[in-house]
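The values are calculated or read from the model by the stated rules, or taken from the named source; none is laboratory data. All figures in this text were calculated on a predicted structure; none of them were measured in a lab. Because the Cβ atoms are built from the backbone with ideal geometry, glycine has one as well, and the counts that use them run over all protein chains shown.
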Amino acid sequence: MSGSAVKVKAILRVVGLTLVGALAGCANQDPKKLNDDSRAAANNATSMVQKKGAAIVVRVLYAGHYCHQGQVRLQKIVDGRTSTTSFVEIGQQTGRYGADGLKFFAETAVKMATINLKWLSKEVAGEDVRTSFRPIAPGRYAMTFVNCNSGGNQNTFMGAANFDVLQINTAKKALPILGDNSILIGHDQIVDAGTINIVPMGSTGFSRDRIARVEGSEAPREFREAIRQSLPDFSLKITYTKFSPYLGALEH
């Protein structure tokens, strides 16, 4: 085996051990408390409101089980139509786009080459689903895409999405997906939108779970309690709500 191959193998082994350690660390966290990173993420929601007008957090489940990473794409409803100028992604993101994506891949290559365990551990560990807020402008939104990464290559998704890494032609028109697909965000709100559960409804015969809908629920009591205990003042600023069906008639 060549020296470069040995080095690559060693790096992959380190990354694998880092992944195991990170996941074990998450499992050992006190579910009733927030660690320093989680508290900092929650407090950052205030600056999101100042910059964008509001902040939001949501979690994705598949058949009642939390996803390792979950992504929800929203498009604002303007004059009875889904906006064709932009979209907002919330949740625990599974993808990185545009310049941010290229920068991340470059950083990953460098950190892996130098075996920077601290950086790799932080990236692999992911975000606390209780405080992974995203900035968002006030308005009515339709959910046009949802993705669940159950770990590894196990992905489940609904809706239309533009996977262009360079964000070329992201102005893509899409209709809301089936189920609890809409949410209203008010000015200066810090919104906890609860959970989105992808519910399989059957198969077309070509592949399993080809038909599904989404169900919205408010945040679990234990999530609220953890924030209340760790950040009592911040918890009073949160608006708890959930996604619900859009009852309007969208124009094409």
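Apart from one condition, S244 fits all of (1) modelled with pLDDT of 95 or more; (2) surrounded by 14 or more Cβ atoms within 10 Å (Cβ to Cβ); the exception is (2). Quick one: is A142 at pLDDT 65 or above, farther than 27 Å from I190 by Cβ, under 19 Å from the mean Cα position of the chain (by Cα) and aliphatic (A, V, I, L, M)? Answer is no for this residue.
Would a scan of segment 89-100 turn up a residue that is farther than 27 Å from P200 by Cα, at pLDDT 85 or above, crowded, with 18+ Cβ neighbours inside 10 Å and not aromatic (F, W, Y)? No: zero hits.
Among the conditions (1) over 22 Å from E222 (Cβ atoms); (2) at pLDDT 90 or above, the only one that S38 does not satisfy is (1).
Among residues belonging to segment 32-65 that are surrounded by fewer than 17 Cβ atoms within 10 Å (Cβ to Cβ) and among the aliphatic types (A, V, I, L, M), point out the one that is farthest from S235 (Cα to Cα). Talk me through it step by step, then tell me what you get.
Just the residues of segment 32-65 that are surrounded by fewer than 17 Cβ atoms within 10 Å (Cβ to Cβ), to begin with: 32-33, 35-37, 40, 43-44, 46-47, 50-52, 63-65.
Checking the rest, the ones that are also among the aliphatic types (A, V, I, L, M) come to 40, 63.
Details: A40: 13, A63: 29 Å.
My answer is A63.
Quick one: is R130 assigned to a loop (DSSP other than H, G, I, E, B), among the charged types (D, E, K, R) and at pLDDT 90 or above? Answer is yes for this residue.
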